[in-house]
Amino acid sequence: MSEIINHKKNQLINLLRDKGITNEKVISIMEKIPRESFIDPALKQMAYDDDALPIGHNQTISSPYIVAKMSQIIIEEDKMDKVLEIGTGCSYQTVVLSYLFKKVVSIERIKSLYVKSKKIVSDFNRNNIKLIFGDGYTGSNIDAPFDAIIITAAPNEIPKSLIEQLKTHGRMIMPLNKNGKQILIRIKNTPKGIILKEIDDVLFVPMLKGIIQ
Ligand code: SAH
């Protein structure tokens, strides 16, 4: 790794701490995974800026802070068996999750992003990741129920089909379009129904229906 990239990486880690990422496991994973491997080589110098970057098809790789924040929020001591991610994109968040959970299932609706991510995941030797090409609104019945679900694209409503694939006491973290803006919400699935907590204003690409071959 070049000196400059190394320096920028250290700066980014400091920034994540300043912005409230306190979980040392998340910090060490962010340090370990080379974000530059998930983006176009032409953007390599920007890999450690705290920005979302284009990955083609009008989609983006989420900013490091958002990835770290969602990862930190989703951690719950003893419930780290199976996580479902909707919106694989370039699989950066997917690989981060694979160091936190025993098994990661991730769904992407754009075929070429799915194909690219397949290669990255195998290059990284992450054999606890299952990638699916499909519409995330249907989740993955054969892999359900999940301890946690993370959605990395914003729907207009909380997808009921996905709540049904959560374990009792499972949690879901997602952006939601509400009153012309987007908020990050955390949902807890309790025996008495869901409990919802609003966390922050965010900006994600939309969660869309159907697939693109
Ligand atoms: N998790 C990524 C973020 C990718 S951007 C990261 O680590 O950076 C969000 C992705 O969600 C896009 O690739 C988009 O194609 C995908 N997406 C949107 N709607 C979807 C749906 N219904 N099912 C699956 N993927 C979806």
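No value in this document is a laboratory result; all are computed from the given coordinates. Please read all numbers here as calculations on a predicted model, not as lab measurements. Cβ placement follows ideal geometry from the backbone for every residue including glycine, while neighbour counts extend to all protein chains displayed.
Numbers at a glance
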| item | result |
| --- | --- |
| Among the listed pairs 32/209; 118/197; 44/111; 9/167; 9/209, those beyond 31 Å (Cα-Cα) | 32/209; 118/197; 9/167; 9/209 |
| Under 9 Å, Cβ to Cβ, from residue 212 - net charge with Lys/Arg +1 and Asp/Glu -1 | +2 |
| Sites residue 209 and residue 167, calculated FRET efficiency, Cβ-Cβ separation with R0 25 Å, nearest 0.05 | 0.50 |
| Mean ellipticity per residue at 222 nm, deg cm²/dmol - from DSSP H runs of n ≥ 4 across the chain, formula -39500 (n - 2.57) | -8500 deg cm²/dmol |
| Kirkwood-based Rg to Rh ratio, segment 119-213, C-alpha trace | 0.99 |
| Difference of contour (0.36 nm per residue) and Cα-Cα distance, residue 158 to residue 200 | 13.5 nm |
| Simple label model, 7 Å out from Cα along Cβ direction - residue 7 to residue 25, nm | 3.4 nm |
| Protection-proxy order for peptides 148-159, 44-55, 97-108, 116-127, each taking the mean of Cβ atoms within 10 Å per residue, highest first | 97-108, 148-159, 44-55, 116-127 |
| Local electrostatic count, residue 200, Cβ distance below 13 Å [Lys/Arg +1, Asp/Glu -1] | +4 |
| Amide H within-cut-off set for residue 154, under 5 Å, with H built and near neighbours excluded | 205, 207 |
| At R0 = 35 Å, FRET efficiency that the Cβ-Cβ distance of residue 43 and residue 142 yields, to 0.05 | 0.45 |
| Gain in span if fully extended, residue 128 to residue 81, counting 0.36 nm per residue against the direct Cα distance | 15.8 nm |
| For segment 1-121: rounded, prolate or oblate by the Cα gyration tensor [a/c cutoff 1.5] | oblate |
| Sum of side-chain charges, residue 185 neighbourhood, beta-carbon under 14 Å (Lys, Arg +1; Asp, Glu -1) | +3 |
